1. For residue 231 and residue 74, compute 0.36 nm times the residue count separating them, minus their Cα-Cα distance, and round to one decimal in nm.
2. Looking at the chain only, what percent of DSSP beta bridges run antiparallel? Nearest 5 please.
3. Per DSSP H run of at least 4 residues, take -39500 (n - 2.57); add these up for the chain, divide by its residues and hand me the 222 nm value, nearest 500 deg cm²/dmol.
4. Angle check, please: helix 233-246 long axis (alpha carbons) against the longest principal axis of the chain (alpha carbons), in degrees 0 to 90, nearest 10.
5. With bins 5 Å wide starting at 0, give me the P(r) of the chain over every alpha carbon pair, in whole percents.
6. Among 228, 109, which comes first, then next, by fewest other beta-carbon atoms within 10 Å?
7. Roughly speaking, what is the centre-to-centre gap between region 210-241 and region 114-191 when only Cα atoms are used, to the nearest Å?
8. Going by C-beta contacts inside 10 Å, put 182, 149 in order with the fewest on the left.
Ligand code: NAD
Ligand code: ZN
């Protein structure tokens, strides 16, 4: 099927839905210059994220783990939301998209203006104390690496969910609720191999939602989806947006 045919079908499904949920992964931020985990390039390719983003690695060598986060935070702090992030925010503003469930830790959905964002894996742009309830936003790179808590002196850690840790219960339960009530779900830029996040589209499907996937490659979720649009997030979303306009679902007077 041609890209245009797939886009037309996707736009029709979105237009016919009362409740659209967007589910995103690292691929949506790839165009912002933030490396994904699978296929990442550069300095840290000699380390596997599964070996650094763990409680065990942090316990053994907090400085090394923080250095990896500093490298990622530097990139994230100078990144801007992509056209894909901005189109999703615009679809939410127009009442078409109801919520964004993200595995990303970069807060680019919020930067783009999205209001209902469920963060399944936390944010690199925050740190929290390993002992007390202290939490802080990271507007810049901490001066001391590893940083310590100004309240109790214990180590601070990135406010993210590491491999082997539980995802925040409230965020996960809310995501499951959203997945079970949506009419359609747009899955963007995720390899679908990180659990329990990857259950969310599967639950949506089992409750009758139509799944649309945007990913230049096939993913572990592709066999579940109704439509796979095999191209980059911004290109696909721009085409869907234009199609929603030509179908009259979006008009400029809104
Ligand atoms: P992943 O790295 O496992 O997979 C990325 C997926 O994006 C791949 O399937 C790839 O084909 C696809 N992709 C690449 N470029 C794309 C584009 N332009 N448009 C659409 N899709 C594109 O990512 P994941 O599934 O999110 O899982 C990895 C974990 O890594 C997550 O838990 C997340 O917390 C973390 N992570 C987050 C960020 C971020 O916040 N930006 C970056 C790296 C990793
Ligand atoms: Zn503390």
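Values in this text are rule-based calculations from the coordinates and carry no lab data. Keep in mind that what you see is a predicted model, and the values were worked out from it rather than measured. Neighbour counts are summed over all protein chains in view; Cβ atoms, including those assigned to glycine, are modelled from backbone coordinates with ideal geometry.
1. 53.8 nm
2. Working: 9 of 30 bridges.
In the chain, DSSP labels about 30 percent of beta bridges as antiparallel.
3. On the way: 9 runs with 91 residues, N = 254.
The helix-only estimate for the chain comes to -10500 deg cm²/dmol at 222 nm.
4. Taking the Cα atoms of the chain, the angle to 233-246 is about 30 degrees.
5. 1, 6, 13, 17, 19, 16, 11, 8, 5, 3, 1, 0
6. Values: 228 21, 109 28.
Ordered from fewest to most neighbouring Cβ atoms within 10 Å, 228, 109 come out as 228, 109.
7. 26 Å
8. Values: 182 27, 149 19.
So the residues, fewest neighbours to most, are 149, 182.
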